[in-house]
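Right, one structure below, let's go through it.
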Amino acid sequence: MIYIETNSTDVFYNFAAEYYFAAIKPIDETVFLFWRTTPSLIIGKYQNTLEEIDNDYAIKHNITVARRMSGGGTMYIDMGGWQFTFIEKDKNGEIHFAEYLQPVIDALKELNIKAEFNGRNDLLIDGRKISGNSQYKLGDRTVHHGTLLFDNDIEQMVRATTVDEYKITSKSIKSVRERVTSIREHLEHDIDADEFKRLMVEHIMDGKSYKTYTISDEEKVILEKIADERFRPWEVVYGKNPKFDITNKKHFKGGTVEAKLNVNRGMITDCALYGDFFGLERVNELQEALVGCPYRKDDVIDVIKQHGLENMIHDVSAEELAELIVV
Amino acid sequence: MKKKIALPKLSDEMKSAVLCAWLKQEGEEYKKGEPIYEIETEKVISQVEAEEDGIMVHQLVEEGDEVSVGAELAEVE
């Protein structure tokens, strides 16, 4: 096994490193990474951001929203927690979790922490979750990654994953909410997050002198490029939401307007607006203009303005109308 | 000759999976070893590769559908 330090707290850069060592520069030995990120909400590959996270809250609190390449539900993680990744040659396409989780369980045991599996490939202490795990398979490699909730802001975690109940129907993968706890609370002798990392890496790598690989300056440029192309774009984070239908209502001074939309691959594919206080002709014009528009507030405002429909409802601005359409 | 492809069992515990994405569309040709669809099961994303050269004739399930192990997914030739 070989340890690679990414020296980055950027979630997109770390995802790019995983991808790089799985798809572009696979290494014969198992690769092990142990990393953390600035506050991030990480959604599963086939999840819908609208059903999983409070995006406005995330923006307001500088929480990065990212979509990973593996399955499962949404995780919140910050600098108080860690993530670990194993990358290794695939075994005939079959799914294995235990062999990746056992070394983590054993390492926690060295710290006198008794962690156990549940049926959903999470690790628990006394029935409360401390680690969520997922995988993706790419070519002949398996990427297994998991979180370790060492000392996370659990209040922020709960708040950022509390979603307003919009009427959405979709076939997206839904998160399973579980009770969580911090590893730090269960330690006999308190240590900080850096010390926790050092001990975990040493236990998993089987000693203090382990093999490492240093990411070169040239490779750092490649990783940034992968992050820019595969992980950072709006089209990936929000544009890859599985197809969904959404209904939203908003009360304005003159009455209530209801918007019903179909969204596929981040684009509005159908739109209907209902309300009894605006002209039918202008509504038809807006409905037609919105088809093909990205499901993003700024783009919807642009469409409204381009068609001169800012005042189609008395005293309602383009921004307010866009907030009805894009929740 | 037309035949059906079915959902494989990737682990002892696997009973079903969500077919998340078709990577070959109806009418599209593919070579042995090329990924033809992507599934999610037990929080794992796997691309399933073609066992032989072929053409995707008719997809029997939609993206987002949950299917049981062994269920027919598509007609190929």
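Each value in this text was obtained by applying a stated rule to the coordinates, not by laboratory testing. Quick caveat: nothing in here was measured; it's all calculated off a predicted structure. With ideal geometry, Cβ positions are generated from the backbone for all residues, glycine too; neighbour counts draw on all protein chains shown.
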If you take each beta carbon of peptide B:18-28 and count the beta carbons of other chains within 10 angstrom, what is the mean? 2
Taking a 25 Å limit on the Cα-Cα distance, which of the listed pairs A:109/A:137; A:137/B:15; A:45/A:243 fall beyond it? A:109/A:137
Using 7 Å Cα-to-Cβ label points, what is the residue B:51/residue A:113 separation (nm, one decimal)? 4.4 nm
Looking at A:193, A:35, A:294, which one has the Cα that reaches farthest to the positive end of the dipole of chain A (charges on Cβ: Lys, Arg +1; Asp, Glu -1)? A:294
Extension gain from residue A:120 to residue A:287, taking 0.36 nm per residue of separation minus the Cα-Cα distance: 55.8 nm
Cβ crowding within 10 Å averaged over residues, with A:246-253, A:35-42, A:197-204 ranked highest first: A:35-42, A:197-204, A:246-253
With r defined as the distance between the Cβ atoms of residue B:11 and residue A:249 and R0 fixed at 41 Å, what FRET efficiency is calculated, to the nearest 0.05? 0.40
Helix A:217-226 vs. chain A, principal-axis angle (Cα, 0 to 90°, nearest 10): 40 degrees
Pair residue A:217, residue A:140: separation of 7 Å Cα→Cβ label points (nm): 3.4 nm
Note to self, the protein assembly as shown gives a 222 nm [θ] from helices alone (DSSP H runs n ≥ 4, -39500 (n - 2.57) apiece, / all residues, nearest 500) of -6500 deg cm²/dmol
Please compute the contact order of segment A:244-325 in relative form: average sequence separation of alpha-carbon pairs under 8 Å and at least six residues apart, divided by the residue count, as a percent. 26 percent
Using only Cα atoms, find the angle between the long axis of helix A:280-290 and the longest principal axis of chain A, and express it within 0 to 90 degrees, rounded to the nearest 10. 30 degrees
Segment B:21-77 and segment A:190-213: distance between their alpha carbon centers, rounded to Å: 41 Å
Let me know the mean shielding of A:134-141 by other chains, meaning the per-residue number of their Cβ atoms within 10 Å of its Cβ. 4
Given the pairs A:167/A:305; A:25/A:114; A:249/B:24, which span a C-alpha to C-alpha distance of over 30 angstrom in this model? A:25/A:114; A:249/B:24
Segment A:2-237: relative contact order as a whole-number percent, Cα under 8 Å and 6+ apart: 28 percent
Can you tell me how segment A:215-287 classifies by the Cα gyration tensor, rounded, prolate or oblate, using a/c under 1.5 as the rounded cut? prolate
Pairwise FRET efficiency - residue A:224 versus residue A:199, Cβ, R0 = 41 Å, nearest 0.05: 0.85
Testing the spin-label approximation: label points 7 Å from Cα along Cα→Cβ at residue A:167 and residue A:276. State their distance in nm. 1.7 nm
Relative contact order [Cα under 8 Å, 6+ residues apart], segment B:3-76, whole percent: 43 percent
